[in-house]
Amino acid sequence: MIMTEAVYTAIATSTGDGRAGGRATSDDGLIDLSLAIPQEMGGPGGATNPEQLFAAGWAACFHSALKAVAAARKITINDSAVVAEVGLLPTAEGGFGLSADLHVEVGGVEQATADALVAAAHQVCPYSNATNGNIPVTIDATVA
């Protein structure tokens with residue numbers, strides 16, 4: 001259940017032509033990025049795109065959730081990383097949807113522990129909760 005008051009609200013604005021040569025900025029000025037359609041989609045590339053930003057946000061958020069779950073369970077992990085792959089998929093209606101593959105690398109634990117931590121992190125991560133049931137998501141854990 002989600003509480004009614006936000007603990008934090010991020011504010012970002014897209015201007016110009018959106019993903020086709022626009023800009024994305026945050027209200028505090030820490031994000032100020034040019035946007036471009038990737039070459040794989042027929043664009044010029046050379047700048048970031050919304051899918052990369054989503055992937056970076058989810059990877060960082062999931063990694064934080066993983067660390068928090070491990071700490072709460074008093075499990076020491078080391079050399080962890082999360083790689084998020086976000087795919088842009090055409091829909092039958094002519095629009096687009098997303099898919100995601102999360103690859104989690106965890107060091108210092110057995111495979112069963114890594115699997116349990118990753119499953120618990122998926123329950124805690126806000127990105128995972130926001131996308132639950134909305135997009136296809138696969139998650140795997142690798143002990144490094």
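The values are calculated or read from the model by the stated rules, or taken from the named source; none is laboratory data. This one's a predicted model, so the numbers in the text were calculated from it and none came from an experiment. Here the Cβ is made from the backbone with ideal geometry for all residues, glycine too, and neighbour counts use every protein chain on show. Calculation scope for accessible area: heavy atoms of the full protein, side chains included, ligands and nucleic acids excluded. Shrake-Rupley method; radii C 1.70, N 1.55, O 1.52, S 1.80 Å.
Scanning segment 65-89 for residues that are touching a residue at least 40 places away in the same chain (Cβ under 8 Å) and under 25 Å from Asp32 (Cα atoms) turns up just one, Leu88. Annotation: of all residues in segment 26-60 being within 15 Å of Tyr127 (Cα to Cα) and open to solvent by 30 Å² or more (accessible area, probe 1.4 Å), the one that is farthest from the chain's Cα centre (by Cα) is Pro50.
Identify the residue in segment 95-118 that is touching a residue at least 12 places away in the same chain (Cβ under 8 Å) and assigned to a helix (DSSP H, G or I) and, among all such residues, is surrounded by the fewest Cβ atoms within 10 Å (Cβ to Cβ). Once the filter is applied, the top-ranked residue is Gln111. Counting the residues of segment 61-75 that are loosely packed, with under 14 Cβ neighbours inside 10 Å and part of a helix (DSSP H, G or I) gives 2. Candidates are the residues of segment 76-94 that are within 16 Å of the chain's Cα centre (by Cα) and open to solvent by 50 Å² or more (accessible area, probe 1.4 Å); the one that is nearest to Val143 (Cα to Cα) is Val83. Considering Gly22, Gly29, Gly97, Gly46, the condition of being out of contact with any helix residue (DSSP H, G or I) (no Cβ under 7 Å at 6 or more places or on another chain), modelled with pLDDT of 95 or more and within 21 Å of Ile139 (Cα to Cα) is satisfied by Gly97 alone.
A count restricted to segment 128-138 and to residues that are closer than 14 Å to Asp101 by Cα, outside any loop (DSSP other than H, G, I, E, B) and open to solvent by 70 Å² or more (accessible area, probe 1.4 Å) stands at 1. Checked against the criterion of being more than 20 Å from Ala12 (Cβ to Cβ) and at pLDDT 95 or above, the candidates Leu66, Leu53 yield just one match: Leu66. Got a sec? Which of Gly18, Gly29, Gly46 is within 21 Å of Glu85 (Cβ to Cβ) and in a loop (DSSP other than H, G, I, E, B)? Being within 21 Å of Glu85 (Cβ to Cβ) and in a loop (DSSP other than H, G, I, E, B) holds for just one of Gly18, Gly29, Gly46, which is Gly46.
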